[in-house]
Amino acid sequence: MESLNKSPSDTKVTPPHADHSKTDTYMPNLMNTYLPLPVTFVRGEGVWLWDEEGKRYLDALAGVAVCGLGHCHPELVKAICQQAGTLIHTSNLYHIGKQEQLASRLALLSGMDNAFFCNSGAEANEAAIKLARLYGHGKNIDLPTIIVMEKSFHGRTMATLTASGNRKVQAGFEPLLTGFARVPYNDLEAVAQVGVHNKSVVAILVEPYQGEGGVNVPQANYLQGLRHICDQNGWLLMLDEVQCGIGRSGNWFAFQHSCITPDVITLAKGLGSGVAIGACLAKGTAAKVFKPGNHASTFGGNPLACTAALTTLKVIEDQDLLRNAMEQGDFMRSMFKAELAGLPDLVQIRGQGLMIGIELSRPCGELVKTALKKGLLVNVTSDKVVRLLPPLVIQRSEAEQVVSILSGIVKDFLAT
Ligand SMILES: *Cc1c(COP(=O)(O)O)cnc(C)c1O
């Protein structure tokens, strides 16, 4: 073993990690699943992030609706550190006190009866899909069907990408699953029609506010209409609140802007403020579907993740962040309307709470890079919709900065 006698300086081999310059030839040892922007953040505080060169950015995306408390909220950091030094993981073979506390807290806030914990939005929806199928089999429906929407997004696992109404996430992964029927979002008649022809329907899965699909908002009485159809047919109403839940809409849950109660709610993104946790909540009959052995997760609901979630809920309540999300969101939408009104290529400014979409009449993905250069983090979804998902802690002066920088960028873009 000659090489063992050589000191590192004798070897001519360049270590694969040596070149950290961001040139076109630099390829990290990562699967080619993302196209990251040319920036690496190294520190965060509140609505601010800093890159390696010390440049500061105003984060109006919050890790895609994850960091509701802003970055590194001191109360969250303290709680996580304390829990990490006490107990991180034991498994669901044993009682987990923090998990039971979190389930009870979420039940109180949502009106649901019980919770299953997992680690992501896709897994939360997988749980809901399995729950609906089991519910169907319990009614002797052998091939249960779940109604899903066009432009929806439910995740990247096989069941959830099948449920998603976006060909881009499905293409190349066929065969997809069976057991889904798709209708346009905001179309109650189409839902009712599926029920007339397909006697195997067991549930509807819908985002109350569509996120990835372009920040699409429900028409008045849409959720009430879905609730009514579900009640008439014995279907479960399952709401994917992975993006719009946990304060983002200005209520704990987006469905609370309507006067309905769903049977199932799925959560993830904002629940743990960056510590991975997902949840599937259920009420009534739906809450009694799973029996021991039907479903499980190794990591799901461990003490560390549940502590992050309990602290997130506590800070949202203590700091009145639901009201703040509502007020700053309304403020930002009205200020955007004032700034951008009359531009011929502006289609619509919409959203709820701190879920904000600005639809333009043409693809505008390049705006993301322009904003990045100016120290602002935003996102474009569905090609033409600039999407903002700021931290729930955003203050008025910061909201003003977001609107002023982004309005300038949008005006420049539309002028070219
Ligand atoms: C992000 C998202 C998901 C998927 O969540 P992951 O944690 O990435 O699996 C599911 N549904 C909605 C509405 C989402 O926004």
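The values are calculated or read from the model by the stated rules, or taken from the named source; none is laboratory data. In this text, all values refer to a predicted model and were calculated from it rather than measured experimentally. A quick note on method: Cβ atoms are made from the backbone with ideal geometry, for glycine too, and the neighbour counts reach across all protein chains shown. In case anyone asks, the SASA skips ligands and DNA or RNA and just uses the protein heavy atoms, side chains included. Shrake-Rupley method; radii C 1.70, N 1.55, O 1.52, S 1.80 Å.
If I go through segment 47-70 residue by residue, how many of them are assigned to a loop (DSSP other than H, G, I, E, B), away from the ligand (no atom under 16 Å from the Cβ) and open to solvent by less than 20 Å² (accessible area, probe 1.4 Å)?
Step one: of segment 47-70, the residues assigned to a loop (DSSP other than H, G, I, E, B) are 47, 52-55, 60-61, 66-70.
Applying the additional criterion that residues be away from the ligand (no atom under 16 Å from the Cβ) yields 47, 52-55, 60, 69-70.
Subsequent filtering for residues that are open to solvent by less than 20 Å² (accessible area, probe 1.4 Å) retains 47, 60, 69-70.
Going through segment 47-70 one residue at a time, the tally reaches 4.
Quick one: Ile358 ticks every box in (1) of a type in the set (A, V, I, L, M); (2) within 20 Å of the chain's Cα centre (by Cα); (3) over 24 Å from Ser273 (Cβ atoms); (4) part of a helix (DSSP H, G or I) bar one, so which box is it?
Here Ile358 clears every test but (4).
For segment 180-222, which positions are at positive phi and open to solvent by 20 Å² or more (accessible area, probe 1.4 Å)?
Answer for segment 180-222, where residues must be at positive phi and open to solvent by 20 Å² or more (accessible area, probe 1.4 Å): Asn186, Asn221.
Condition check: hydroxyl-bearing (Ser, Thr, Tyr) and more than 18 Å from the chain's Cα centre (by Cα). Does Thr162 satisfy that?
No; evaluated as a whole, the condition is false for this residue.
Looking only at residues in segment 247-259 that are open to solvent by 10 Å² or more (accessible area, probe 1.4 Å) and not in a helix (DSSP H, G or I), which one is farthest from the ligand (Cβ to nearest atom)?
Cys259
Looking at segment 292-307, is at least one residue closer than 16 Å to Leu108 by Cα, over 19 Å from the mean Cα position of the chain (by Cα) and more than 16 Å from the ligand (Cβ to nearest atom)?
For segment 292-307, residues closer than 16 Å to Leu108 by Cα, over 19 Å from the mean Cα position of the chain (by Cα) and more than 16 Å from the ligand (Cβ to nearest atom): absent.
Are there any pairs with C-beta distances below 6 angstrom linking a residue in segment 259-277 that is in contact (Cβ under 8 Å) with a residue 24 or more places away in the chain to a residue that is assigned to a strand (DSSP E or B) and within 11 Å of the ligand (Cβ to nearest atom), with the two at least 6 apart or on different chains, and if so which?
Here the result reads Pro262/Leu239; Ile265/Leu239; Thr266/Asp240; Ala268/Gly278, each pair linking segment 259-277 to a residue that is assigned to a strand (DSSP E or B) and within 11 Å of the ligand (Cβ to nearest atom).
Quick check, is Glu339 part of a helix (DSSP H, G or I), acidic (Asp, Glu) and in contact (Cβ under 8 Å) with a residue 60 or more places away in the chain?
Yes: the conditions hold for Glu339.
Go through segment 214-246 and give me each residue that's under 17 Å from Asn125 (Cα atoms), of a type outside the set (A, V, I, L, M) and within 16 Å of the ligand (Cβ to nearest atom).
Correct list: Asp240, Glu241, Gln243, Cys244, Gly245.
For Tyr94, indicate whether it is more than 16 Å from the ligand (Cβ to nearest atom) and within 28 Å of Ser258 (Cβ to Cβ).
So Tyr94 does not fit the description; no.
Can you tell me which of (1) within 20 Å of the chain's Cα centre (by Cα); (2) in a loop (DSSP other than H, G, I, E, B) is the one Ala127 doesn't meet?
Failed condition: (2).
Take segment 327-341 and flag every residue that is surrounded by 19 or more Cβ atoms within 10 Å (Cβ to Cβ) and hydrophobic (A, V, I, L, M, F, W, C). So that I can check it myself, show each step before the final result.
Applying the first criterion (surrounded by 19 or more Cβ atoms within 10 Å (Cβ to Cβ)) to segment 327-341 yields 328-329, 332-333, 336, 340.
Residues satisfying the conditions are Met332, Phe336, Leu340.
Restricting to segment 142-179, what's the tally of residues that are β-branched (Val, Ile, Thr), more than 16 Å from the ligand (Cβ to nearest atom) and either on the phi > 0 side of the Ramachandran plot or part of a loop (DSSP other than H, G, I, E, B) (or both)?
Number satisfying all stated conditions: 1.
With the condition kept exactly as written, say whether any residue in segment 19-34 is out of contact with any helix residue (DSSP H, G or I) (no Cβ under 6 Å at 6 or more places or on another chain), charged (D, E, K, R) and modelled with pLDDT of 95 or more.
Looking through segment 19-34, none of the residues is out of contact with any helix residue (DSSP H, G or I) (no Cβ under 6 Å at 6 or more places or on another chain), charged (D, E, K, R) and modelled with pLDDT of 95 or more.
One line per residue, one yes/no per condition, for (1) open to solvent by 10 Å² or more (accessible area, probe 1.4 Å); (2) in a loop (DSSP other than H, G, I, E, B); (3) not assigned by TED's automatic domain parsing to the domain that holds Ala399:
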| site | (1), (2), (3) |
| --- | --- |
| Ile229 | yes, no, yes |
| Leu239 | no, no, yes |
| Thr261 | yes, yes, yes |
| Cys280 | no, no, yes |
| Phe290 | yes, yes, yes |
| Ser297 | yes, yes, yes |
| Leu310 | yes, no, yes |
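Table: residues versus (1) of a type in the set (Asp, Glu); (2) at pLDDT 95 or above; (3) more than 14 Å from Val201 (Cβ to Cβ).
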{"position": "Ala132", "(1), (2), (3)": "no, yes, no"}
{"position": "Tyr135", "(1), (2), (3)": "no, yes, no"}
{"position": "Thr145", "(1), (2), (3)": "no, yes, no"}
{"position": "Glu150", "(1), (2), (3)": "yes, yes, yes"}
{"position": "Arg156", "(1), (2), (3)": "no, yes, yes"}
